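Notes follow the structure.
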């Protein structure tokens, strides 16, 4: 996966807002062969899964058109129909998404199954598992996403194969830890930098493995080691928001406060609080949430990655970021029951459905509008927001 800041720098001068808007009519009703092949070629250069093949999904919008969408649950069901149609069951991937994004999207399926109780899409979990046999690649953050997703799959199903896979991935991730910058896991195996999201994932996987491993000390020790490094690395800004990455001099090189970086850290801190009972972790999570809900929002208070280029274009790495943030805020709300977080979630759900949706439950990138185009990553992120709203029950 490209670091978000690298993706921004390479594309900012080449994309214009008008080109994004002009593509609306072409992609609203269908995803063309050329768009998908281009996406796949780009993804293959950064480590997409070994079995990825060009695949053009057929979106049957007529099915969604006839579905009721009055209640939030009905909206979610209609949106999941679209997400399922984007899935290639032959290779077990959403072929218009990057390899690491596939882990995020499968997590959405797991979230849907867990929160709604519906097993309609549960088959996709094991299908993805058996069609993709290798979840270790050249990027430790990619590995972290998959380790976390298979842990969630294990917690949902009890399938020990998922747990064994997570443990195997984690062991590989430990090889990315060294004394450079005083510790921390490298972003990649080429050792080009250390960033926040990789280390957040390493921490969260360690905590979750501790929770599901009776009598564990190893994973918990890793968790404390990682947490202490993160807190002293400089990646936590004065506002409480998490910076993107460290440079070669081990100082913060990118101060972007991406939504997914905030969300993953919040969820991790909530897990730490559950395990230890120490309220300091909850306070840290709340500090991030309160800061992010003021910083990473647009003029209407709707979630938006503030460090997207000024021409209002986000790129493929960023298409699912907000979904990860909402998942973290959901986890925080479930623990502290702060109604302000639920109000924020509800505001985003309303914006998504009124301003960032086609007539067929296709959900886009800009939750406050305008709807332009969609893909499996944007669809997944928006569904996560709606699923968070379901937890009010």
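The values are calculated or read from the model by the stated rules, or taken from the named source; none is laboratory data. For clarity, every value in this text was computed on a predicted model and none was experimentally measured. Note: ideal-geometry Cβ built from the backbone for every residue, glycine included; neighbour counts use all protein chains shown.
Which is over 17 Å from the mean Cα position of the chain (by Cα) and surrounded by 21 or more Cβ atoms within 10 Å (Cβ to Cβ), of 72, 86? Before the answer, list the steps.
Details: 72 fails: surrounded by 21 or more Cβ atoms within 10 Å (Cβ to Cβ).
None of the other options fit; the residue is 86.
Test of understanding: among 79, 95, 114, which residue is touching a strand residue (DSSP E or B) at 6+ places or on another chain (Cβ under 7 Å) and either assigned to a helix (DSSP H, G or I) or at pLDDT 95 or above (or both)?
On inspection, the qualifying residue turns out to be 79.
Could you list all residues from segment 206-249 that are more than 23 Å from residue 143 (Cα to Cα) and part of a loop (DSSP other than H, G, I, E, B)?
Hits for segment 206-249 are 214, 215, 234, 237, 238, 239, 240, 241, 249.
Within segment 238-263, track down each residue that is without any contact (Cβ under 8 Å) to a residue 24 or more places away in the chain and touching a strand residue (DSSP E or B) at 6+ places or on another chain (Cβ under 8 Å).
Once the filter is applied, which keeps residues that are without any contact (Cβ under 8 Å) to a residue 24 or more places away in the chain and touching a strand residue (DSSP E or B) at 6+ places or on another chain (Cβ under 8 Å), segment 238-263 yields only 252.
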